[in-house]
Amino acid sequence: MENAKICQSCGVPMDGHGTNADGSESNDYCRHCFEKGSFTIPCKTVAEMVDFCAPLLARDGVFPDEETARKHLQEHLPPLKRWKTA
């Protein structure tokens, strides 16, 4: 159940749900990662997602610095739904 509370793409707590192709709310992905049934962040691998998200999370103060953000993401992204099948 814990996974339902975080985006299954970026791992950040849900602050708004993305939308499926039919316009319904996605239960798995946040509004930043998923829109109209497609991922808005074009990363194809966990490594690309870490490179994309770490600087943003550090900039926004979610983590004290990029290195800390990177370590967190490297540990927590791989088990998420989007990356399990990638």
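The values are calculated or read from the model by the stated rules, or taken from the named source; none is laboratory data. Predicted, not measured: the structure shown is a model, and the values here were computed from it. Don't worry about glycine lacking a Cβ; one is built from the backbone with ideal geometry, like all the others, and counts go over all protein chains shown.
For beta carbons closer than 6 Å, sequence separation of 6+ or different chains, a first residue in the range 14-36 that is under 18 Å from L77 (Cα atoms) and a second that is of a type in the set (A, V, I, L, M) and modelled with pLDDT under 95, the qualifying pairs are C30/M14; C33/I41. If only residues of the range 12-31 that are part of a loop (DSSP other than H, G, I, E, B) and within 21 Å of K71 (Cα to Cα) are counted, the one that is nearest to the chain's Cα centre (by Cα) is V12.
When you scan the range 48-56, do you find a residue that is part of a loop (DSSP other than H, G, I, E, B) and either charged (D, E, K, R) or free of Cβ contacts under 8 Å to residues at least 60 places away in the same chain (or both), even just one? No, the range 48-56 has no match at all. When the residues of the range 41-86 are filtered to those that are buried (at least 16 other Cβ atoms within 10 Å of the Cβ) and of a type in the set (K, R), the one that is nearest to D15 (Cα to Cα) is R82. Within 13 Å of C7 (Cα to Cα), under 12 Å from the mean Cα position of the chain (by Cα) and not charged (D, E, K, R) - does that describe any residue in the range 56-74? Within the range 56-74 (the criterion being within 13 Å of C7 (Cα to Cα), under 12 Å from the mean Cα position of the chain (by Cα) and not charged (D, E, K, R)), the answer is yes, since at least one residue qualifies. Counting the residues of the range 10-27 that are modelled with pLDDT of 95 or more and either touching a Leu at 6+ places or on another chain (Cβ under 7 Å) or crowded, with 18+ Cβ neighbours inside 10 Å (or both) gives 2. Note on the range 59-74: residues that are in a loop (DSSP other than H, G, I, E, B) and at negative phi amount to 5.
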